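Asks: Here it is: the structure, laid out below.
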Amino acid sequence: MKSFRAFLSLKTHVRAFIRFRWAFEPLHRLYRKIKLKFENAADLRSLDRYRCQIDGAMISERLAQINGRVKDVSAGGCLFRPASFYLVDRIGDQVSIELPETTLNGKVVRTLPIGYAVQFEKILEDGVLKSVLAQSAVEATVFKRTQEDETRDTKRKANEKKKAA
């Protein structure tokens with residue numbers, strides 16, 4: 001009976017927790033790291049993104065010129081979709097996006113199946129952003145979808161084409 005009371009006591013559980021803290025500490029650190037990552041990710045989308053279509057070229061630090069189109073742009077970056085289907089992993093490369101009237105400098109932060117996510121060196125001023133959007137072949141509209149959503153839609157359309165063929 002005494003051992004059963006000891007099992008139910010809080011003191012016993014606290015001692016056991018302290019003894020096995022080494023097993024829980026890595027999980028707690030992982031939880032804090034994941035929580036911090038999600039909190040930071042929410043801040044990354046603080047700028048409005050505009051869907052647009054602007055023909056241009058991306059020139060990397062290796063002097064490789066890739067023709068393509070800017071599919072969306074915000075004051076902090078853009079999505080550049082190359083004209084060719086072959087994507088090279090260029091994460092970290094310093095690039096300049098040359099548009100008909102503007103050149104934007106930045107670096108590639110992600111390579112997606114639909115193109116390159118480029119982060120600008122500095123946030124664009126409103127006047128520069130408006131002049132970039134004025135070059136769009138279609139009316140620029142704000143959209144809240146993420147690039148991952150667009151990637152998923154692209155894959156879904158490709159699967160539909162395969163099924164139809």
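Asks: May I ask you to list the residues in the stretch 106-120 that are farther than 16 Å from Thr151 by Cβ and open to solvent by 50 Å² or more (accessible area, probe 1.4 Å)?
Replies: Selection gives Lys107, Gln119.
Asks: Say we look at the stretch 84-105 and pick out the residues that are of a type in the set (A, V, I, L, M, F, W, C) and at pLDDT 85 or above; which of these is surrounded by the fewest Cβ atoms within 10 Å (Cβ to Cβ)? Lay out the reasoning, then the answer.
Replies: Of the stretch 84-105, the ones of a type in the set (A, V, I, L, M, F, W, C) are 85, 87-88, 91, 95, 97, 99, 104.
Of the ones still in play, those that are also at pLDDT 85 or above are 95, 97, 99, 104.
Numbers: Val95: 22, Ile97: 24, Leu99: 18, Leu104: 22.
Checked the stretch 84-105; the qualifying residue surrounded by the fewest Cβ atoms within 10 Å (Cβ to Cβ) is Leu99.
Asks: Criterion first (within 25 Å of Asp153 (Cα to Cα), assigned to a strand (DSSP E or B) and at pLDDT below 90) does Arg69 satisfy it?
Replies: So Arg69 does not fit the description; no.
The values are calculated or read from the model by the stated rules, or taken from the named source; none is laboratory data. Everything quoted here is computed from the prediction, not taken from an experiment. FYI the Cβ positions are ideal-geometry reconstructions off the backbone, even for glycines, and counts take in every protein chain you see. Each accessible area value is taken on the protein alone, full model and side chains, heavy atoms only, with ligands, DNA and RNA left out. Shrake-Rupley method; radii C 1.70, N 1.55, O 1.52, S 1.80 Å.
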